[in-house]
Amino acid sequence: MTTSRLTPRARSLRRTVGLAEARVWARLRGGAVDGWKVRRQHPVGPFVVDFACLPLMLAIEIDGGVHDCDDVVTRDHARQVEIESLGWTVIRFSNDQALGEPWRIEDAIRAHAQALGL
């Protein structure tokens, strides 16, 4: 496995995780969702995504309040389009969803795997 130039950035992000991401990670780590291994703060192309399930090519983003700002929405959209052009599927959840309804993230992983016939 080659080391991405983004690996140091991803490692730094893992050390400064927010509450919503920490709670999601506690539910996803170690293949807790039907055995699907998930990585956190993982490089995908020129970006680092919050969570990535490599076998499913699924990126999961947890968006805080700053993601409601117009310029951030525009940037997020461009970023998502580029990640999807690499063959990944991106799903987004707000911090509120991640904290209040974390099972929706697990359900989304299962639904994506099922859609792929896995």
Quiz item: Taking the Cβ-Cβ separation of residue 118 and residue 26 as r and a Förster radius of 30 Å, what is the calculated FRET efficiency to the nearest 0.05?
Solution: 0.80
Self-check item: Local net charge near residue 60, Cβ-Cβ under 9 Å (Lys/Arg +1, Asp/Glu -1)
Solution: -1
Quiz item: Quick one: which of 48-57, 98-107 comes out on top by average Cβ neighbours within 10 Å, and what's the full order, highest first?
Solution: 48-57, 98-107
Exercise. Collect residues whose amide H, placed 1.01 Å from N in the peptide plane, falls under 5 Å from the amide H of residue 94; neighbours closer than 5 in sequence don't count.
Key: 63
Self-check item: Volume in Å³ per residue [convex hull over Cα atoms, computed for the stretch 27-118]
Solution: 90
Quiz item: Applying 1/(1 + (r/R0)^6) with R0 = 25 Å to the Cβ-Cβ distance of residue 92 and residue 54, what FRET efficiency is obtained, to the nearest 0.05?
Solution: 0.85
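We did not get these values from a lab; they are worked out from the coordinates using the rules stated. Because the structure is a prediction, the values reported are computed rather than measured. Note: ideal-geometry Cβ built from the backbone for every residue, glycine included; neighbour counts use all protein chains shown.
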